[in-house]
Amino acid sequence: MILKIKTLSSKAILACLANLVFSANAESLSIEKYQQAQQQLGKHTKKLIVGTIEQPNWAEHNQLIYRSRTEQGEQFFVVNAATKAKKLAFDHQKLAAALANVTEQEVNHKKLPFNAFELIDKNLISLEIDDKSYQCQLETYLCQLNKNTVKSNELIAPDGKRAVFIRQHNLWLRNLNDNSEKQLTTDGIKDFGYGTNNAGWVRDEKPVVKWSPDSKKLTTFKHDGRNVGEMGIVSTEVGHPNIDVWKYPLPGDKDIFKIHRVVIDVEQAKVTPLAMVADDHRSTITDHVAGRDGSLLDIDWASDSSHFAFVSSTRDHKTATLKIADATSGKVRTVFIETANSFFESGVSAISWKYLDQSNEFIWFSQRSNWGHLYLVDAASGKIKNQITRGDWTVLALLDVNQDTGKLIFSGAGKEGGDPYFHYLYSINKDGSKLTLLTPEQKHHRVSLSKNAQYFLDRVSTPNQAETSFIRSISGKAGFMIEKMDITKLTATGWQAPTPFIVKDRNNEHDIYGLMYKPTDFDASKSYPVVNYLYPGPQVGSIRGRHFRSARGDNQAIAELGFIVIEIDALGTPGRSKSFHDFYYQNMGDSGIPDQVAAIKQLANKHNWIDSTRVGIWGHSGGGFASTRALLTYPDFYSVAVSQAGNHDNRNYADEWGEKYHGVLVKNADGSTNYDSQANQLIVENLKGKLLIAHGTTDTNVPPYNTLVVVEALIKANKDFDMLMLPNHGHGFARKPYMTRKRWDYFVQHLMGATPPKEFTFSE
C-alpha cells in the first residue's frame, strides 16, 4: 500500500486526531450532561435572581409600579419618584385570599396569577386573570369581576368610556358603562371591511384605528383585499381537516392590500373619506400598519382633535409623504416628502416623527446624512428649519416632545464610545441646543418615561454585568436606586455570563460585536466544535438587546454540552449607520453570513481551543433561511445546520418584507428574476454537510411551503438531509422541548461525533 502524505497545519492535525478519537470511542453523552444543559435555560436560571424589575408601568402622580422577584417570592411595588418612597403595592397574602374567593381557584401569594395591574386610585386596582378583569379594594380586600371591561377584540378610547370593535366587516362602538352598542359604519363587506387587521403574515380580530385625544373621533381605513391572492393552511386531524384560507399578498403580485383612509365622528356615526387615493399597506418602520396594541401607526392627532398628521409610504418603502388631514371635511394637504435610495424608516426602535400643532412644526427623523437624526420642519412650507441632532451616531427613538418648552427626549446609540449597540437617553432643545446625556454609565440603558416625562426608570446593565435600576429625573437631578440584581445564587451553580468580543467584518473595515458562550467546565487544553447562532434581520440582529439576561435562548445550554457558541451582529444590523444597515439591500442571500464566517475564523486564530474545522449553525425564521444558506454557500466551512421555519424564498413570503429589503420583484425576459439570488432551492446542489430542516405545518407567518420548495429541490438533486414537520404547530416552536432536544441531538451527533441520550425529557 502506498500512502500519499499531505502536509497539514498543527491545528488541522489536532482536529483530525479529535475526530478520530470521537469515531473510535463512539462515546455517548450522558443524561446528566443534558440535565446540566437544561439548567442553563431561562426558566431555571431566572428563578435564582432577586432584585429584578419586570413589567414596569408608570401611573399618575409619578408613581412607578413593577413586579420583582424577591426572597419572599414575586412581589409588586409602588415607588413615588418625587418623594423616593418605595412600598409594597398591597398585602400579597390578603390579595391572594380575595382573588381565590372571587375566582374560586387556589392563588399563591408568592406568585400571583397576573403580571401587571392598573392603579385606579390610592386604594383601588384593576387586574386581569385568564382574560377576565377584576377590581380589588385595598382597604377591604374585596375583589369583584368587571363585567363591562375591554375585550381582547376591542380598542379602548382615551377617556376609557368606550371601545371600538369589528362585527361583520363594520366598526361598532360599545359603551363600557352600560354595555350598549352603536354601529359606526354600514358599507363594509368581506375583503373590504373597516379597520381590518391583516398584514398577511399576521392577523388579529382587534380593529386598527387611532382615536382622537377627545375620544370623539377616530381615523382608520377600509382594508381592500378583494383582488389579493390567498394563502391556505391545513390542519392535521383524524377525519376532515380544518382549512384556513386568508388573503396573503406576495412580492410581485399585481394586487396588494390597499387602505382607503377615513375619519369617523363616533358621536354622529359619520364616516368621511379622506380626499386622496388609497395608500399601499405600508408603514414607516414595521411590516404592518398596526402597532402592538392595534393602534394605527404613523398618525399624530392635533391636541384639539380638529385635524391630524399622517405619513403615506410607497409600495417599495422608498418614499414617505407627510400629510395633514382635516377631521371634519377630509381634505388632505401634502407637507413634506422624503425619498431614500434603499428604504425609508422613521426611526430605529420606534416611529420618531412628531406633529407640533401648537407651533405648526414637525419633528422629522431622517438618515439622509447616513446617520439617524432629528430635524425641525415648518408645517406650513415644508421647509427644514434646522437639524436638531448631528454627528456620527444615531437617534433610536423620539420618546417625548414638550411643546411648551421645546425640549425633546430621545434614546440614542454610538455617541458615547464603547459598544455601539448600548442605548442611552438624552434631552435636547428643538433648536439643537443643550444636548444633555441623562444616563451617565457606559452601559446599556433600558428606560421608561413617566407619564409627564419628568422622571424615568433606568435599568442599567451589560450582557455580563447584572442590572441595577434607578429612578432619575429629566432635569438632571441625582436619581436613586430602587433595585439591584443579586445573582449570588445563580453564580453559585457555576453559571457564567457570555463573553463579549470584537472582530472585524469580512472586509476588515468595521468592528463587529458579538457574544461567546463557553461550557462551565471549560478546559483550554481541549478543542471545542463551534455552534453559530444567527438571526440576520435586517430589522434586528442576532443578539437583540445588550441588557443582562440569565439566559439568551439556549446558547449557554448548547455550550454546556461541549460546544463554543458564537453569535454576532453582522453587517446589515440596524442601530448603526444607514450604510451599515443597508449593506445587503437587494441581496438578502448575503444575510451577513460572510461576517459570521470571518468572525469565527478570527476567533479561532486567537484561541487554540476553538476548532474551526467543526462548525455548525442554526436559526429560526430568518435564521432558518440563513442557516440553510450558510450551509449551501460555505459548504467547506459549515458542516451541520439546523434550519427552523425558514423563509427560504421570499417570493413565498409577505410582500412588505421582501419588497422592503430585496426590492420590488422584477421578472426578466428569460424567466429569471432579481429574487433568484436569495432562493435557497436554487443552490441545493452545493449541499455537503448535514441538514435538519424543520417547519410547523400550520405556520401562518412563514407558511410551510417555504420549506417544502427547498425539500422538493433537495429530493430532485438526490441529496441526503433530515426533515422534521411539526403537525399543528405555528411559527413559534423554536424553544419547544421536542425541537430543542432534536437541535441538541443533531449537533451532538453530527458535529461532536457523540451519541446523544435517547429520548431525553425536559423537566418542568
For segment 53-62, Karplus-derived ³J(HN,Hα) couplings (6.51, -1.76, 1.60; θ = phi - 60°; whole Hz; x for glycine and proline) come out as 10, 10, 6, x, 8, 8, 9, 5, 6, 6
Per the helix-only model, the chain has a calculated mean residue ellipticity at 222 nm (DSSP H runs of ≥4, -39500 (n - 2.57) each, divided over all residues, rounded to the nearest 500) of -4000 deg cm²/dmol
Treating only Lys and Arg (+1) and Asp and Glu (-1) as charged, each at its beta carbon, one finds that the chain has a dipole about its Cα centre, in Debye to the nearest 20, of 1080 debye
Per the rule of 0.36 nm per residue minus the C-alpha distance, extending Ala492 to Arg735 adds in nm 84.9 nm
In debye to the nearest 20, the charge dipole size for segment 349-462, taken about the Cα centre with +1 at each Lys and Arg Cβ and -1 at each Asp and Glu Cβ, equals 60 debye
Residues Asp655, Asp392 in order from fewest to most other beta-carbon atoms within 10 Å are Asp392, Asp655
Relative contact order as a percentage, the chain, C-alpha pairs under 8 Å and 6+ apart, gives 10 percent
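For a quick check: sort Val530, Val332 by the number of other beta carbons within 10 angstrom, fewest at the front.
Details: Val530 23, Val332 16.
Ranking Val530, Val332 by Cβ neighbours within 10 Å, fewest first, gives Val332, Val530.
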Computed for segment 52-145: size of charge dipole around the Cα centre, +1 on C-beta of each Lys and Arg, -1 on C-beta of each Asp and Glu, debye to nearest 20, value 420 debye
When Tyr584, Tyr426 are arranged by how many other beta-carbons sit within 10 Å of their Cβ, fewest first, they go Tyr426, Tyr584
Ordering 227-239, 402-414 by per-residue average of other C-beta atoms within 10 angstrom, highest first, gives 402-414, 227-239
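Please list, by residue number, every one of the trypsin sites (Lys or Arg not before Pro) in segment 197-262 that is coil in DSSP and has at most 10 other beta-carbon atoms within 10 Å.
Lys254
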In nm, the gap between the two label points placed 7 Å beyond Cα toward Cβ at Phe192 and Asp159 is 3.4 nm
The rounded separation in angstrom of the Cα centers of segment 153-181 and segment 96-148 is 24 Å
Per DSSP, the loop-located trypsin sites (Lys or Arg not before Pro) within segment 53-96 having at most 14 other beta carbons within 10 Å are Lys84
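What percent does the relative contact order of segment 151-345 come to when contacts are Cα pairs within less than 8 Å and at least six residues apart?
15 percent
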Ordered by number, the GluC sites (Glu not before Pro) in segment 29-60 that occupy a DSSP loop and have at most 11 other Cβ atoms within 10 Å are Glu60
Check: C-alpha center segment 616-671 vs C-alpha center segment 57-82, spacing in Å is 44 Å
The set of residues whose placed amide H lies less than 5 Å from the amide H of Tyr528, leaving out same-chain residues fewer than 5 positions away, is Ile610, Asp611
Among Ser303, Gly553, Gly671, the residue whose Cα sits farthest towards the positive end of the charge dipole of the chain (+1 at Cβ of Lys and Arg, -1 at Cβ of Asp and Glu, taken about the Cα centre) is Gly553
When the charge dipole of the chain is computed with +1 on Lys and Arg Cβ and -1 on Asp and Glu Cβ about the Cα centre, the Cα farthest towards its positive end, among Ala599, Ile683, Pro635, belongs to Ala599
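Coordinate-derived values only; no laboratory data. All values reported here derive from a predicted model rather than from experimental measurement. Glycine gets a Cβ as well: all are built from the backbone with ideal geometry, and neighbour counts include every protein chain shown.
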